[in-house]
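See below for the structure under consideration.
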Amino acid sequence: MCGITGVMLFDESIPDMHVLKRMTDVIVHRGPDDSGFWTEPGIGLAFRRLSIIDIKEGHQPLCNEDESVWITFNGEIYNYKTLRSQLTDRGHIFKTHCDTEVIVHLYEEHGEECVKYLRGMFTFAIWDRRTRHLFIARDHFGIKPLYYHATGSYFVYGSEIKSLLASGEIRRSIRPESLLSYLTFQYVPEPDTMFEGIQKLPPATTITVRPDGTFRLRKYWDPMFEPVKRSLEQDIEELRERLRDSVTHHMVSDVERGCFLSSGIDSTAIAAHMRAIEPIRTFSVGFEGANNETIIARETAAALGTEHYSKVITEKEFFDAIPAAVWHQDEPVADPSAIALYHVAELASEHVTVVLSGEGADELFGGYRIYREPGALRALEWLPPGLKRTLHQLFAKLPEGMKGRSYLMRGTTPLEERFLGNAKIFTEDMKGEVLRVSADLLRNYKNPVQIAGEFYKKTAHLDPVTRMQYIDMNLWLPGDILMKADKMTMAHSLELRVPFLDKELFELARRIDVGNRIAGGTTKYVFRKAMQGIIPDPILNRPKLGFPVPLREWLKGPHAGRMLEEIRASGIDSFVHMGEVERMIKLHRDGVQDSSRRLWVIYMFALWHATYLQEQPKSAFAAV
């Protein structure tokens, strides 16, 4: 696991080594073990390394035999030994035993199609001296992040936005449309970021930058579901086999490894498979109260026979960690569980360098409770679209909080407008009230329904649950789940691996019929059945808690006042109506309405603004 960054200068000048060093120094947490640089006219590659595989020989940037192809790489390739053997048979000569060099020779053999052969998590940048092209790729699911900024004179990229900002070439400003999207999703959907002019490379996408400054984006894979009718027994047998294979591959490393362990079956399944291979350490955090995950995780660890470590996070520890978490996230991601993840990563980093975790299982196998909604609303499905619209307008006039109103409103709202992913914080009307934004921008920006609509168009032939999963695979998973997972673990120089997000396992998941995914209101039905005999029975059907942060109660206490003070001091009053924020806090503290999630979205934006937009960058790329 590493951090990569670099710059391509179209005037063929040599990048300034001091600037490249600044760009890597700011991401030292991603790679405290080593650094490396390589420059020539027009290009500068820079690298920070966290040593996991081939600790002695894995220095980067790395090249092929004749130095015509150079690479910096962040991630892990789990099938690298098989690929290495195939490439050796074709005459390629290796000088290291690391997975990085496999990508170099794979590129020599297959060019830009090399990404199709890789099984793992990755972002990498390849400089081809023969064509003078810069080729950058991101993994299938978007496990590893990559950001870039392009102008007519240069192209700069990095594993984190802070590397781009450290170049001193980018004027920091907010992209207003991103702020509007963020208020709905609680993150900025790719390819945009909260920064004007900085973009994320989407999952399963490559970018090729040419010496004339033009570049081409190409999507090489799509996580599309194609359900087929098969017996439950067939799916169970294959799921067991493929998950076992994925966990085995994800355990390859030359350093200590462990597993995050929560109250749910996803991390328990990973831990159980790891424990069947070797003794392991597991890690959990929780909060005081009825839903303290450490109590359940401790029972699970005892049943599995792991060496377990846990921590109960106090309210003070939670809020004290927020500034560091905000800095590491690069842009606001208003998921409160990110702070819990920050703490469990800190705990694990004291004992291991690699952890496996259960991210992705819900998206692949239909695990979120919201996926039961289409079944619950089936009684209203038969209504013609026109009648639904009319009834929706009538139901909207019913008093807020009236029993049955929510059901009727949801049942008469098209899926494409009802479900935009696992978070839908502010409505468009609310945005107009809380933001200082023109009515014209609010009417004409690419709104969340339109963003999700691009993915809904591709799934018109599928059932509602599968369509919802596809939305989450493309929005929620990379934008929230994987972004916070990468940033919060890398903050502690800890490599996180996610065995559920394995392209071989997904080839099975995409074919599982919805009837085997959700049955009788039971989510992840086939997965639960497949884990019988692997996960202890008392744990198997326990409901998922998912880092239940007691934010609602905390924001009724003293921290509500502290939050308001920090929002006021953050400089966002030109974007946000402070009077509306004060009203939300008062209503929440008085118990009139639960505004905790909306307040958290505003708070994370405020802290991000104070962290990243108070100072303007300086310096330049080219050496004097």
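Observations on the model:
- With R₀ set to 35 Å, the beta-carbon distance separating residue 553 from residue 460 gives a calculated FRET efficiency near 0.25.
- FRET efficiency for residue 233 and residue 507, using Cβ-Cβ distance with R0 set to 22 Å, rounded to 0.05: 0.75
- Given R0 = 22 Å, the distance between the Cβ atoms of residue 383 and residue 406 translates into a calculated FRET efficiency of 0.80.
- Residue pairs, from the table 457/529; 431/487; 458/484; 229/424; 21/446; 388/424, whose Cα atoms sit over 30 Å apart: 457/529; 229/424; 21/446
- Partners for residue 311 among aspartates and glutamates (Cα-Cα distance below 19 Å; same-chain residues under 8 apart left out): 288, 293, 299, 320, 346, 350
- Ordered by 1.4 Å accessible area with all protein chains kept, 486, 89 run largest first as 89, 486.
- Ranked from largest to smallest solvent-accessible area, with a 1.4 Å probe on the protein heavy atoms, 573, 480 come out as 573, 480.
- Dipole magnitude of the chain, debye to nearest 20 (Cβ charges: Lys/Arg +1, Asp/Glu -1, about Cα centre): 1840
- Virtual spin-label span in nm between residue 542 and residue 89, 7 Å along Cα→Cβ: 4.6
- Residues whose placed amide H lies under 5 Å from that of residue 309, excluding near-sequence neighbours: 282, 283, 284
- In this label model, residue 317 and residue 397 are separated by 5.5 nm, measuring between points 7 Å along each Cα→Cβ vector.
- The candidates 236, 534, arranged from most to least accessible area with a 1.4 Å probe in the full protein assembly, appear as 534, 236.
- Carbon + sulfur, % of accessible area of the range 229-268 - ligands and nucleic acids excluded, 1.4 Å: 44
- Interchain or long-range residues, amide H under 5 Å from residue 252's placed H: none
- Among the trypsin sites (Lys or Arg not before Pro) within the range 429-478, those in coil by DSSP and having at most 14 neighbouring Cβ atoms inside 10 Å are 436, 446.
- Here's the picture: charge each Lys and Arg Cβ at +1 and each Asp and Glu Cβ at -1 in the range 132-229, and of 157, 186, 228 the one pushed furthest to the positive end of that dipole is 157.
- If the chain linking residue 17 and residue 245 were pulled fully straight, counting 0.36 nm for each residue of separation and taking away their Cα-Cα distance, it would gain 77.8 nm.
- Each label was represented as a point 7 Å from its Cα along the Cα-to-Cβ direction; for residue 171 and residue 256 these points are 5.0 nm apart.
- The residues neighbouring residue 285, those whose beta-carbon lies less than 11 Å from its own, together hold a net charge of -2 under the Lys/Arg +1, Asp/Glu -1 convention.
- Area accessible to solvent at residue 215, 1.4 Å probe radius, in Å²: 80
- Once C-alpha pairs closer than 8 Å and six or more residues apart are averaged by separation and normalised to the residue number of the range 273-398, the relative contact order reads 19 percent.
- Within the assembled protein chains, the solvent-accessible surface assigned to residue 552 is about 130 Å², based on a 1.4 Å probe.
- Solvent-accessible area of residue 34 with every protein chain in place, 1.4 Å probe, in Å² to the nearest 10: 40
The values are calculated or read from the model by the stated rules, or taken from the named source; none is laboratory data. Keep in mind that this is a model prediction, so the values were computed, not measured. We place every Cβ from the backbone using ideal geometry, glycine too, and count neighbours over all the protein chains shown. What goes into the accessible areas is simple: the full protein's heavy atoms, side chains included, and nothing from ligands, DNA or RNA. Shrake-Rupley method; radii C 1.70, N 1.55, O 1.52, S 1.80 Å.
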